Amino acid sequence: MRSILFLFLAAVVPGAAAEPVPHAPTPEDAVPDAILGKAPPLRGRSVQYYPDHPATVGYLAEPAGEGPHGAVILIHEWNGLVDRIRQVADAFAAEGYVALAADLYSGRTGNSREENLALVNETLARPDEIIRNLDAAVAFLKARPDVNGKVAAIGWCYGGGVALSFALGSDNHEGTAIFYGRLLDDPEKMKHIHHEIHGTFAGNDTGIPREAVDRFVAALRKAGIPNDVHVYDDVEHGFWLYVDRDPEKNLGPAVHAWQRLRAYLRRTLGD
């Protein structure tokens, strides 16, 4: 078994020629090609957005046009910053957002369940460092002249739980979208959150059952936090980021979830 010391370094090579992503929003009845496994070549570039930690290398996708644009931080799954996340960053840029895919693993990715868990456990043991990393991402984006000063964090699985932790631990961003990430159900802990929470979950997710989502929503409501949280029946954990795993089941719910997310970003970050 490969040791944690021998995890692959994440590929941080950007597209052959980094360039702005043309404005090309998806139709109302579609999802980005990135989550269908049909993404075009990458157009973004690698960036060191965290000055205190040069080993942290994110991926920046920039929309065409001077802006100002809203901005999104994408928080990777348990295996790290891989190309599927970079491709999704390009898709957000095509929607008109400056998209920064964060790197919480210092350039590393996992190549097995054991390696992924080791990285998850290592980083979750240092929650303050996660917040510092993501605060640096927010500062990097808000310093750009083409950003309108509004940033939302979006995460999947491990990244979804991290996005919630970031909402609890920082007040520097304007939105949080959680895709099947770990949850809380304590309204007292929720009271720090100062913006609407968006959540997307899977009905067949044994790790995050519907009952846990219901308790999460009840806590948000008791804390007075606006939210748009939806559980999609008959789909599995990971259904949105990897529609191509089961297109027949995943595509319809993924389209609906994408349109909800787009509406959330419009009201949170502006058009």
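The values are calculated or read from the model by the stated rules, or taken from the named source; none is laboratory data. Everything numeric here is computed off the predicted structure, so don't read it as measured data. A quick note on method: Cβ atoms are made from the backbone with ideal geometry, for glycine too, and the neighbour counts reach across all protein chains shown.
Could you tell me which numbered condition VAL21 fails, if it satisfies all but one of (1) closer than 23 Å to PHE140 by Cβ; (2) among the β-branched types (Val, Ile, Thr); (3) under 18 Å from the mean Cα position of the chain (by Cα)?
For VAL21, the exception is condition (3).
Do we find a residue being polar (S, T, N, Q), part of a loop (DSSP other than H, G, I, E, B), modelled with pLDDT of 95 or more and crowded, with 17+ Cβ neighbours inside 10 Å anywhere in segment 109-124?
Yes; the residues of segment 109-124 include at least one that is polar (S, T, N, Q), part of a loop (DSSP other than H, G, I, E, B), modelled with pLDDT of 95 or more and crowded, with 17+ Cβ neighbours inside 10 Å.
Which count do you get for residues in segment 47-62 that are among the small types (Gly, Ala, Ser) and under 17 Å from the mean Cα position of the chain (by Cα)?
2
For segment 60-94, what are the residues that are of a type in the set (D, E, K, R) and more than 17 Å from LEU141 (Cα to Cα)?
Those that are of a type in the set (D, E, K, R) and more than 17 Å from LEU141 (Cα to Cα): GLU77, ASP83, ARG84.
Report every pair of residues separated by at least 6 positions or lying on different chains whose Cβ atoms are under 6 Å apart, first residue within segment 23-49 and touching a residue at least 24 places away in the same chain (Cβ under 8 Å), second polar (S, T, N, Q).
As it stands, the answer is PRO32/THR26; ALA34/GLN87; ALA39/GLN87, since those pairs meet every condition given.
Residue pairs, Cβ under 6 Å, 6 or more apart or interchain, first in segment 97-115 and among the acidic types (Asp, Glu), second assigned to a loop (DSSP other than H, G, I, E, B) and at pLDDT 95 or above. List them.
Correct list of pairs: ASP103/THR56; ASP103/VAL57; ASP103/LEU81.
Residue check: is ARG260 under 19 Å from the mean Cα position of the chain (by Cα) and more than 16 Å from PHE179 (Cβ to Cβ)? Spell out how you get there, then give the answer.
Working: under 19 Å from the mean Cα position of the chain (by Cα): yes; more than 16 Å from PHE179 (Cβ to Cβ): no.
When the stated conditions are applied, ARG260 does not pass them.
Quick one: which helices (runs of 4 or more DSSP H) sit completely within segment 142-250 and have at least 3 residues that are in contact (Cβ under 8 Å) with a residue 24 or more places away in the chain, of a type outside the set (A, V, I, L, M) and surrounded by 16 or more Cβ atoms within 10 Å (Cβ to Cβ)? Step through it out loud before you land on a result.
Numbers: elements: 158-169, 187-190, 210-222.
In segment 142-250, the matching helices (runs of 4 or more DSSP H) lie at 158-169.
Residues of segment 141-173 being more than 13 Å from the chain's Cα centre (by Cα) and under 14 Å from HIS69 (Cβ atoms), which ones?
Answer for segment 141-173, where residues must be more than 13 Å from the chain's Cα centre (by Cα) and under 14 Å from HIS69 (Cβ atoms): LEU141, LYS142, ALA143, ARG144, PRO145, ASP146, VAL147, ASN148, GLY149, LYS150.
Would segment 67-86 turn up any residue that is at pLDDT below 95 and within 21 Å of LEU261 (Cβ to Cβ)? Please lay out each step first, then the result.
The initial filter retains those residues of segment 67-86 that are at pLDDT below 95, namely 67.
Adding the requirement that they be within 21 Å of LEU261 (Cβ to Cβ) leaves 67.
Within segment 67-86, one or more residues are at pLDDT below 95 and within 21 Å of LEU261 (Cβ to Cβ).
Which of the residues spanning segment 92-108 are outside any strand (DSSP E or B), in contact with a helix residue (DSSP H, G or I) (Cβ under 6 Å, 6 or more places away or on another chain) and of a type in the set (A, V, I, L, M)?
ALA102, LEU104
Suppose we filter ALA101, ALA93, ALA137 for residues that are among the small types (Gly, Ala, Ser), over 13 Å from the mean Cα position of the chain (by Cα) and modelled with pLDDT of 95 or more; which single one remains?
From the options ALA101, ALA93, ALA137, the qualifying one is ALA93.
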